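As structure tokens, the structure follows; a few thoughts come after it.
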Amino acid sequence: MSPPFDAARQLVDDYEHGLDPQDRRRRGVHHTPPELARALVEVGIDALGRLPRRVVDPTCGGGAFLLAAADALVDRGVSPLDVVSGMLFGAELDPDGARVTQDAFERWAEAHGVPAHRVDVPVVVGDALLRSVSEWNEVFPGKADLVIGNPPFLSQLSASTARSPQERDAVRQRFGLRGRYADASALFLLVGCDLAADDGAVVMLQPRSMLAVRDAADVREQLLARSTLVSVWSTDVQWFEAAVAVCAPVLRLGVASEAHGGTVSDSTNSGGTGSGGNLSNACINGGDVQVLRDIPVRSEGSVPAMSGESWGPVLAGVHGIPSVQLPTGPKLASLAQATAGFRDEFYALCSVAEDCAGTSINVGPAVATVGMIDVARNSWGQVPAKLGGKKMWEPRANLARLAEQSPGVARWVDSRLVPKVLLATQTKVVEAAVDSLGDIIPLTPLISVEPHDHADVWRVAAVLTAPPVSAAAVANNLGSGRSLTTLRWSASGVLATPLPANRSLWNEGAALVEELHRQPVSRRSLLEKLGRTMVAAYGEDPSTTQCNELISWWIERADRS
């Protein structure tokens, strides 16, 4: 039989693992390992800089984070009786979860010599997102020093987890949101700010995409208006059964911080062994200690002020992405338009694609896929692609069949048959290749960047292949791709790219891009020359150590020859 102390954890574990898998997915609930909860409690207390007098978890589930907070307080000398006498509060949508939390604390109290009838850990039942500030004030006496938790991850773009239109409208009205599709987990950070004291801290787990995705921009802006982002905890360890990468923004209310900068806590395995008790700056996992290193976010002037547009740059330096600051002048939108197809275009083109390799038949224009596009190179006809479940070396679209089967897609294809730049996604740097004749169809998710003046196609490509543009794009979109440092870019994000100020060097870069498309033997040396030219075109001295590091970072990812 487990000792009483372990019985509290076992109760929470049984509750969370006992949830119906389908129901758990629908509600966005993820089991919280005790060591992860404790690590984030430590991060929160460190950010607060003092012992919290009141800790609140607005999505407490079975109580994992509140139990971790209780342990942390006892380890710091607070009596167990005081801990369970008004220092901890929870809220939970599931009545069963609320009961488990209270039962778990009775077992925790028993293990610490506190009679069950002295336990006062209130857990209110209800939807925390729809409770107004005044309603919260009626529930909890005073504000929280620390708000912490693992809120449900509920993508509003998935039918299985999206709220009803009525619920979405209620949430939008509650928080004054402009967008409709922010993941519910990000909204709980706003709830945290409602609950936190004027000098309190908020630490809540989030999908790492929250740092950069466009749908959360409004939430990020509101958070920065109400608090300071002092750090971001991040790890590559897969903590949950669902393969979702997580982070935890650390917010402080009433604390000024230059440019909303702070520190990054990055979880790295030190290879040591942990001791029990206080896990300050450490996360014990199976005997290994994962030290949470505090790494400066920025040196003076190296990272622009934080904004709601993206928090990705906060983690960029930790993951080896060079720090750059692009100019604030004219944008690529002044030279081009950009578009990407969707499912309709993808499936319609796959259904009419034919492999013309080894034949003299030309049924229509070439179809390019993401795997064919590198930096300043299109490998159509040299690498195979899979379309409609078939491997093809020279895929072409039968336009006659397309017009018959999908007239709308046929019209979309006709609009794409212009000189353009084909831009790949889910890449390590910006990978863009030129279709100067306008006879290639981009297959989703390729982005088609189409100059207003066809003569500008090489200049547009030079902008997109510039090392500073790649570094800024990867940093600003950090966390939104399949892996942390792969670039998932949108057409609107592409068009927001600033243009270089030095037109002469920009034109030189365009000529180098054109030369690279001829598939020269000296590709790597030309890439280096292009990198240095475009760094200079953006007003930086390519001979500096910082620029040399940027160019090396870019070339290592751009040269796949």
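The values are calculated or read from the model by the stated rules, or taken from the named source; none is laboratory data. From a predicted model like this one, the values you see are computed outputs, not experimental measurements. For neighbour counting, all protein chains shown are included, and Cβ atoms are generated from backbone atoms with ideal geometry for every residue, glycine included.
Scanning region 348-362 for residues that are surrounded by fewer than 18 Cβ atoms within 10 Å (Cβ to Cβ) and within 11 Å of Leu402 (Cα to Cα) gives a single hit, Ser351. Restricting region 489-513 to residues that are at pLDDT 95 or above and among the polar types (S, T, N, Q), the residue that is nearest to Trp458 (Cα to Cα) is Asn507.
Here is a yes/no grid of residues against (1) of a type in the set (S, T, N, Q); (2) more than 24 Å from the chain's Cα centre (by Cα):
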| residue | (1), (2) |
| --- | --- |
| Ile441 | no, yes |
| Pro445 | no, no |
| Ala466 | no, no |
| Leu478 | no, no |
| Leu487 | no, no |
| Ser492 | yes, no |
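Restrict the check to region 395-411 and report whether at least one residue is in contact with a His (Cβ under 9 Å, 6 or more places away or on another chain) and on the phi < 0 side of the Ramachandran plot. The answer is no; no qualifying residue exists. Among residues of region 440-457 that are under 24 Å from Pro395 (Cα atoms), those with a Cβ under 9 angstrom from a residue that is in a loop (DSSP other than H, G, I, E, B) and β-branched (Val, Ile, Thr), sequence gap 6+ or separate chain, pair up as Pro442/Thr369; Leu443/Thr369; Pro445/Thr425; Leu446/Thr369; Leu446/Thr425; Ile447/Thr425; Ser448/Val418; Glu450/Val418. Of all residues in region 511-524, exactly one satisfies the criterion of being part of a loop (DSSP other than H, G, I, E, B) and among the basic types (Lys, Arg), namely Arg518.
Just the residues that are among the aromatic types (Phe, Trp, Tyr) and either free of Cβ contacts under 8 Å to residues at least 60 places away in the same chain or assigned to a helix (DSSP H, G or I) (or both), please, taken from region 525-561. Before the answer, list the steps.
Pass one, region 525-561, residues among the aromatic types (Phe, Trp, Tyr): 538, 553-554.
Trp553, Trp554 - these are the residues of region 525-561 that are among the aromatic types (Phe, Trp, Tyr) and either free of Cβ contacts under 8 Å to residues at least 60 places away in the same chain or assigned to a helix (DSSP H, G or I) (or both).
Somewhere in region 405-412, is a residue in contact with a Pro (Cβ under 6 Å, 6 or more places away or on another chain), among the charged types (D, E, K, R) and surrounded by fewer than 24 Cβ atoms within 10 Å (Cβ to Cβ)?
Residues of region 405-412 that are in contact with a Pro (Cβ under 6 Å, 6 or more places away or on another chain), as a first pass: none.
Scanning region 405-412 turns up no residue that is in contact with a Pro (Cβ under 6 Å, 6 or more places away or on another chain), among the charged types (D, E, K, R) and surrounded by fewer than 24 Cβ atoms within 10 Å (Cβ to Cβ).
Consider region 215-234 and keep the residues that are among the small types (Gly, Ala, Ser) and touching a strand residue (DSSP E or B) at 6+ places or on another chain (Cβ under 6 Å). The one that is modelled with the highest pLDDT is Ser227.
Highlighted here are the helices (runs of 4 or more DSSP H) found entirely within region 43-116 that include at least 2 residues which are surrounded by fewer than 24 Cβ atoms within 10 Å (Cβ to Cβ), modelled with pLDDT of 95 or more and in contact with a helix residue (DSSP H, G or I) (Cβ under 8 Å, 6 or more places away or on another chain): 64-75, 80-83. Restricted to strands (runs of 3 or more DSSP E) entirely inside region 302-410, those with at least 3 residues that are out of contact with any Lys or Arg (no Cβ under 7 Å at 6 or more places or on another chain) and more than 28 Å from Gln206 (Cβ to Cβ) are 336-340, 385-387, 390-392, 395-397.
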